[in-house]
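Reviewing the structure listed below.
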Amino acid sequence: MEIGIASLADADVRELVTRHQRLMYQASPPGTSFALDLSGLDRTDVTVFEAREGDSLMGIGALMELSADAGEIKSMRTEGSALRRGVGQALLDRIDATARERGYSRLLLETGTGEAFEPANRLYLRNGFTRCGAFGDYTETEFNIFYEKAL
């Protein structure tokens, strides 16, 4: 598996981002999904990473700069055919390493609750993230969970 910078011009990346956003909206109560669409990821303060095996896209994950010392994890998604193969962990490791290289002192993220979000919640907790309050423009709800990790 190779982890690198994704191109939003690649059809398979575009399709996975679009599917991720659709699935997040379907699994979330109205007004509680903050999955970025393609235009939200196509910004200078966002780096989208991809996991590939040969020509096959296995997953994506993004790092958004919030400030000079903090980043937010966005749009983590593993292809169904690549589940339980360490793709999420590999992408999270690359995002963590990139955040450290940039001099961030912490990583933050927002995710949801319920069955569709359990694998993500387990991944973040296993990697040293702890619950925190809402940050940025987010609003606390019974559905959303916020995490942070000191780097």
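Can you work out which of the residues in region 137-150 that are within 16 Å of the chain's Cα centre (by Cα) and not aliphatic (A, V, I, L, M) is surrounded by the most Cβ atoms within 10 Å (Cβ to Cβ)?
TYR147
Could you grab me the full set of residues in region 65-82 that are open to solvent by 20 Å² or more (accessible area, probe 1.4 Å), modelled with pLDDT of 95 or more and among the hydrophobic types (A, V, I, L, M, F, W, C)?
LEU66, ALA68
Pull up region 103-133, narrow it to residues that are open to solvent by 40 Å² or more (accessible area, probe 1.4 Å) and of a type in the set (A, V, I, L, M, F, W, C), then point me to the one that is farthest from LEU23 (Cα to Cα).
Checked region 103-133; the qualifying residue farthest from LEU23 (Cα to Cα) is LEU125.
Just checking: which of the strands (runs of 3 or more DSSP E) contained wholly in region 2-87 hold 1 or more residues that are touching a residue at least 60 places away in the same chain (Cβ under 8 Å)?
2-5, 56-67, 70-78
Determine whether GLY86 is within 21 Å of LEU125 (Cβ to Cβ) and either modelled with pLDDT under 95 or open to solvent by less than 20 Å² (accessible area, probe 1.4 Å) (or both).
Here the answer is yes, as GLY86 does meet what is asked.
The values are calculated or read from the model by the stated rules, or taken from the named source; none is laboratory data. What you see is a predicted model, and the numbers here were worked out from it, not measured in a lab. Counting neighbours? That spans all protein chains shown, and the Cβs are built from the backbone with ideal geometry, glycine included. Each accessible area value is taken on the protein alone, full model and side chains, heavy atoms only, with ligands, DNA and RNA left out. Shrake-Rupley method; radii C 1.70, N 1.55, O 1.52, S 1.80 Å.
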